[in-house]
Amino acid sequence: MTAQTAERDLSAVIGLEVHVQLETDTKIFCGCSTDAADDEVPNSRVCPTCLGLPGALPVLNEGAVEAGVKVGKAIDAEIPEETSFHRKNYYYPDLPKNFQITQYDAPICADGELAFRVDGEERTVNIRRAHLEEDPGSLQHAGGSIDTADYTLVDYNRAGTPLMEIVTEPDFRGADEVRAFLAKLEEVLEYLGVFDASRDGSLRVDANLSIVDSKTLDGDDISAALEDANRTEVKNISSHRGAQQALAYEETRQKNAVRRGREVEQETRHWDESRGITVSMRSKEEEKDYRYFREADLPPLRVSGWKEEIAIPELPDARRERFRGEYDLSAESASKLTSTKQVADFYETVAAEFDSDLAATWVADNLLGELNYRDMQVTDVEGRLDEFTRLIDLVDGEAITTKNAEEVVLRRMLDDGLAPDAVVEAEGLGKTDDNAVLAAVREAIEENPDAVDDYESGEEGALNFLVGQVMQATSGSADPGTVNERLRAELDE
Amino acid sequence: MSSDTDAFITREEIDPTDEGPLSGRTVAVKDNISTAGVPTTCGSAMLADYVPPYDATVVERLKDAGARIVGKTNMDEFGMGTTTETSAFGPTDNPAAPGRVPGGSSGGSAAAVAAGEADLALGSDTGGSVRCPAAFCGVVGIKPTYGLVSRYGLVAYANSLEQIGPIAPTVQGAAELLEVIAGPDERDATTREHGAETAYASAADGDVDGLTIGVPTELVEGADEAVVEQFEAALEDFRVQGAETVEVSLPSVETAVQAYYVIAMGEASSNLARFDGVRYGPTAAATDDAEAGNWNDAFAAVREGFGEEVKRRILLGTYALSAGYHDKYYDKAQDARAWVRRDFAEAFETADVIASPTMPVPPFELGESLDDPLQMYLADANTVPVNLANLPAISVPAGETAEGPVGLQLVGEAFDERTIIRAASAVE
């Protein structure tokens, strides 16, 4: 068998454990705030419970459970009659109690799925379960990495932040699918208002990857093939891009090993983002025994009926379809305009007041384009959406030209933080009145007899030249459409 | 430690914050109940220097009720013992039977009350730790229904089993203290509303006319003859006052001690995991392993600082929860627990309260039982079923043997503390 054939016959099988921080006001088992200020003092957002002081007890924040139910509805999962918590016992210095309160046999979500598009095709991945748990604290290794530090400091501010661990079935067949899935998952979670992607450390991914003979993937049940193949667990992935790179690397590494007849070692590997490789974790991983047992301090919570009682907003796929129909948008525009909930909400505000096409051009092309160019998000200008509405109003009422609105007003709004009217005033962009346009048109005709001759002999290009002359004379403040009309009227007289 | 009996680990007064039903009374608090600014050692070298920054809910309630706290009492390390001898701070003598143990694990609290060093005391009862020392020291102790008293601030040993409970010279005194500490607490999700019947002190009226007292043969058969003699005398006392005694059966209690120790040790192995040298106990930096940067070895070195009994229970509990043994031990113990609960429910169909000797034996001599943990565990046979079933129970003095006091245990239905208080007040 040649190497090439072997390569073609091998396939990656990937499953994910995605940890996301849920957006709640307070931590999952105490009243401490989850709002991490950039410059906060370590161990300032803590109490006896999240510090794990002897005698302190957890009390469940039902807001975190509600967020979990919202996710469950979005991924079409089963919500149990009753949900409960277990202890996962392991020793680690960032873990205040040396056990983590998590869910075991009654997770808040089971048997869901999520559809996403990759390479123009729709894929659906099954979600085995999604459960709630508490985030540990964080370690700061002073003077080096975990291996070389002189000492390590523990900050418990993060401890107790609600996490949701979303566990997929091993349904992925490549790194691109993983990336597309993660992007879709984030989009849905942000739509639900339970997740903030911009928050540091809000997404953490562990991925299991095995290489199997492609033929074994034909049937429905791939468990036998997976049992035979050794898998690696790749940790320390914190972005979509990181997931794609790490898994592409890992797939190649394992395929090379199999192709050379070497056994893939069953191990945990660490994604080193700066070097772009996965490295074997220093200590050999033994089969972990977390000694799960019921957390008696938290009585089971009845959540039957919560699925019906808790409303979730329209999700991106549904909204995209509605936009296409309701606003008569192209697939591309509808897609852009529903990329985040904030963008879609803003578009609907604008479309309610103005023509839906005009609104689409302004929001999808102009605003998002300029924001993107500046590496900004719509959330960065959330407080100024009134000003953008005003800008569209100025264009729609023909107070300024589209060209000036795009090229001058919008840019200065973003670069200098000015309001649209202030830019119009400062730049003198008020649209030239009709008399001035007419004067400029007549002047252009007088001064360019050759172009007039060409026009009369049927050369349309000559008209464009004359429009350009008028625009120059009015410093761009005339509306090109109006100029065009006036020129034709004068020339055809 | 000070005083003749060595009842206290820390003698430090904590002033009341208000006037109330306990104004003018002194209370000794077991040293596993958190007191802001006052050391809370749990009888362990691991927490010798630990000073909690917060008050347990029961401590807040004591202060608000006008009580003056006079100190933190000695106890078996983390509550693991029946004699108070596993304390890292030395044993406590029994004021009612000098040279013998005061019982445990709340031995310091019972001894302080018996010696008159405090008017009242708080203990905690995981498998008998309030009732056993109350019986051995000749005072009254109540283990409340699970969920009646907030555990917020009680350093956990086995959190599905334990409750804080009052110790007092009289049933009336214990009931008054219970009235102050009982009631829901938003910081303990396992506390429950228990209806209107919270007037415990007024229940101590001695009226047992028409009461049916169930006597489970299983809890009397194995007891010392001298203990049984006192117990029978107490039953006769009930009958004289108009109560009826009937035989009931609790076959499940044969498995209760085993089930109790599996569950308690399993939970303990997790509850005590946080004492790893990062924040509690001797610093890990002193060991060579920590120098080498291996956290697990450093943790293990620090945890050598636990006493023998604590280490034994952590190891056994870890084992019982481990893969391959979880089903065989922990899950089976949970089944047994459910069985015990059903047995009591059945017994309460014919009886209002269930009576037995609190301890099947009189107090041990100091040092006598340390070498034989199994003997010590079996002494809990009458008290642990109550914790497994989450029920309330009271131990009230019922005469003496040549070796020391005997306690009568009365068990009631969940949240029916009033009935056991009433019954106990008839025979004290």
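Stokes-Einstein diffusion coefficient for region B:188-238 at 4 °C in a medium of 1.567 mPa s, Rh from the Kirkwood formula over Cα pairs: what value in µm²/s? Intermediate values should be presented prior to the final figure.
Numbers: Rh = 14.5 Å.
Translational diffusion coefficient: 89 µm²/s.
Given that compact globular proteins tend to follow 2.2 N^0.38 Å, what is the ratio of the alpha-carbon Rg of region B:105-254 to that value?
Values: Rg = 16.5 Å, N = 150, 2.2 N^0.38 = 14.8 Å.
Relative to the rule-of-thumb radius for its length, region B:105-254 sits at 1.12.
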Arrange the following residues from fewest to most other Cβ atoms within 10 Å of their Cβ: B:106, B:395.
-> B:395, B:106
Alpha-carbon spread of region A:344-398, three principal axes, descending order, Å = 29, 18, 18
At what distance in angstrom do the alpha carbon centres of region A:169-239 and region A:149-167 lie from each other?
-> 23
In what sequence do A:75, A:310 fall when counting other Cβ within 10 Å, fewest first?
-> A:310, A:75
Given the candidates B:84, B:206, B:101, the one whose Cα lies deepest towards the positive end of the charge dipole of chain B, counting +1 at each Lys or Arg C-beta and -1 at each Asp or Glu C-beta, is B:84
Filtered hits (aspartates and glutamates, Cα-Cα < 13 Å from residue A:255, offset >= 8 within chain) -> A:7, A:9, A:213, A:263, A:265
Region B:128-172: Rg to Rh, with Rh as the Kirkwood radius over Cα pairs | 0.98
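Would you please calculate the Kirkwood hydrodynamic radius of region A:345-493 over all C-alpha pairs and express it in Å, rounded to one decimal? Mind showing how you got there, number by number?
On the way: mean 1/r = 0.0595 Å⁻¹.
About 16.8 Å for region A:345-493.
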Using the Kirkwood formula over every pair of different C-alpha atoms, what hydrodynamic radius in Å results for region B:188-323?
-> 20.2
What order do you get for B:23, A:11, A:335, A:210 when you list them from fewest to most C-beta neighbours inside 10 Å?
-> B:23, A:335, A:11, A:210
log10 I(q)/I(0), Debye, Cα-only chain B, no solvent, q = 0.06, 0.10, 0.14 Å⁻¹?
-> -0.22, -0.61, -1.24
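Dividing the alpha-carbon radius of gyration of region A:103-166 by 2.2 N^0.38 Å (N being the number of residues), what value is obtained?
Numbers: Rg = 18.5 Å, N = 64, 2.2 N^0.38 = 10.7 Å.
Rounded to two decimals, the normalised Rg is 1.73.
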Here, residue B:221 and residue A:393, labelled 7 Å along Cα→Cβ, have an inter-label distance in nm of 9.0
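For region B:16-123, report the convex hull volume of the alpha-carbon atoms normalised per residue, in Å³, without decimals.
Output value, Cα hull per residue: 79 Å³.
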Which value, in nm² and rounded to one decimal, describes the direction-averaged projected area of the C-alpha convex hull of region A:3-309?
-> 17.3
Helix-only [θ]222 nm of the protein assembly as shown, DSSP H runs n ≥ 4, -39500 (n - 2.57) each, per residue, nearest 500 = -10000 deg cm²/dmol
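Can you tell me the equivalent ellipsoid semi-axes for region A:160-246? Use √(5λ) from the Cα gyration tensor, largest first, whole Å. Mind showing how you got there, number by number?
Numbers: eigenvalues 155, 36, 30 Å².
Taking √(5λ) for each eigenvalue gives 28, 13, 12 Å, largest first.
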Taking Rh as the Kirkwood radius, which is the inverse of the mean 1/r over Cα pairs, what is the Rg/Rh value for region A:175-303?
-> 1.03
What spacing in nm lies between the two simple spin-label points modelled at residue B:244 and residue B:205, each 7 Å away from Cα in the Cβ direction?
-> 2.2
Say each of residue A:217 and residue A:82 gets a label point 7 Å from the Cα, pointing the same way as Cα to Cβ; how far apart are those two points in nm?
-> 4.2
How far is helix B:225-240 tilted, in degrees, relative to the longest principal axis of the Cα atoms in chain B, given as a value from 0 to 90 rounded to the nearest 10?
-> 50
Relative counts (whole %) of C-alpha pair distances in region A:434-491, using bins that are 5 Å wide | 4, 23, 38, 23, 10, 2
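Quick check on my link table: of A:27/A:97; B:311/B:332; A:70/A:184; A:27/A:288; A:73/A:184, which ones sit more than 19 Å apart, alpha carbon to alpha carbon? List each step's numbers first, then the result.
Details: A:27/A:97 16 Å; B:311/B:332 23 Å; A:70/A:184 16 Å; A:27/A:288 28 Å; A:73/A:184 15 Å.
Check vs 19 Å cut-off fails for B:311/B:332; A:27/A:288.
How large is the convex hull of the Cα atoms of region B:127-201 per residue, expressed in Å³ as a whole number? Intermediate values should be presented prior to the final figure.
Working: hull volume 6.3 nm³, N = 75.
Cα-based convex hull of region B:127-201, divided per residue, equals 84 Å³.
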Rounded to a whole number, the mean other protein chain Cβ count within 10 angstrom for residues of A:288-296 is 6
Cα pair distances of region A:301-405 binned at 5 Å [whole percent] | 2, 12, 21, 21, 17, 11, 5, 5, 3, 2, 1, 1, 0
As straight-line cross-link partners of residue B:63, the qualifying lysines (C-alpha separation under 22 Å, not fewer than 8 residues apart within one chain) are B:30, B:72, B:143
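Would you kindly work out the equivalent ellipsoid of the protein assembly as shown from its C-alpha gyration tensor and give its semi-axes, the square roots of five times the eigenvalues, largest first in whole Å?
Details: eigenvalues 1057, 202, 126 Å².
Ellipsoid semi-axes (Å, largest first): 73, 32, 25.
Every number in this text was worked out from the coordinates using simple rules, so none of it is lab data. Source: prediction; values computed, not measured. Every residue, glycine as well, gets a Cβ built from its backbone with ideal geometry; the counts of neighbours run over all protein chains shown.
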